[in-house]
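Notes for the one structure printed next.
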């Protein structure tokens, strides 16, 4: 593994780090630490997964280290026992017409552009994402945060194209429901 090979993934790593850290300088540091760690431990990469997936795994640890060092945490409460028993229970309550469109309009989202700028929103988003089922959360992260194409996700997760579409659809529904309950329907002040 050489520098050029790692540098080809730098932009994707930086995009992911920015989504998680919301600070360009801190994100750049995390990516640099990730690439350095990959160079130092390159012999441990066994090609069992894609190089990008391995690098994202290293970057996740660097981001977690950053938050631990900054002693940041968000207190959002624990999921209810009902949520733990059936993570898709909320999805079953959503109603669609025969053409797959929403029957009811989504709840008001009190200025989502402003919400995206707030660290607390990303804490809630992360909590919601962690409470999705593992394959749904992983497919969503690979598609929306890492920027992989559907075909790449299918290869990485060893699933069919239709299963991938279902995972992404359910992840988006779950995130929407969770964010409406835990963020957008609650009146926020800033």
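What follows is calculated from the coordinates using simple rules that are stated; it is not laboratory data. Quick caveat, the model's predicted, so the values are computed rather than measured. Glycine gets a Cβ as well: all are built from the backbone with ideal geometry, and neighbour counts include every protein chain shown.
Quick one: if you stick a label point 7 Å off each Cα along the C-beta vector at residue 149 and residue 3, how many nm between them?
3.0
Calculate, in nm to one decimal, what residue 67 and residue 158 gain on full extension: separation in residues at 0.36 nm each, minus their alpha carbon distance. Could you put the intermediate results ahead of the total?
Numbers: separation 91, 0.36 × 91 = 32.76 nm, distance 3.16 nm.
Full extension from residue 67 to residue 158 adds 29.6 nm.
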